[in-house]
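Notes follow the structure.
Where a number appears in this text, it was derived from the coordinates with a stated rule and is not lab data. These numbers come from a predicted model, not from an experiment. No Cβ is skipped: glycine too gets one built from the backbone with ideal geometry, and neighbour counts run over all protein chains shown.
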Amino acid sequence: MKKQHLYHAYLLRCWQENDAKSDTPSWRFSLEGVRDKQRRGFADLDTLLEFLQQITQKELNHVNSSN
């Protein structure tokens, strides 16, 4: 049986924006899917990492359930 290789390819953009509530700039992030060109925005690094954990865990669960 051929082993299935799953991957995701994204263009990651990072930039700083001034927060209206404080003088400290905040980092913002977006991922754009290379295949589908869908762009997803993230207000902070934790949210970005949470998204990446969700999609990789979802794929891992899918692979494990098909074995």
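About the centre of its Cα atoms, the stretch 10-66 shows a dipole size close to 300 debye [charges on the beta carbon of Lys, Arg (+1) and Asp, Glu (-1) only; nearest 20 debye].
Entry note: the stretch 10-66 has Rg to Rh equal to 1.13, where both radii use alpha-carbon atoms and Rh is the Kirkwood radius.
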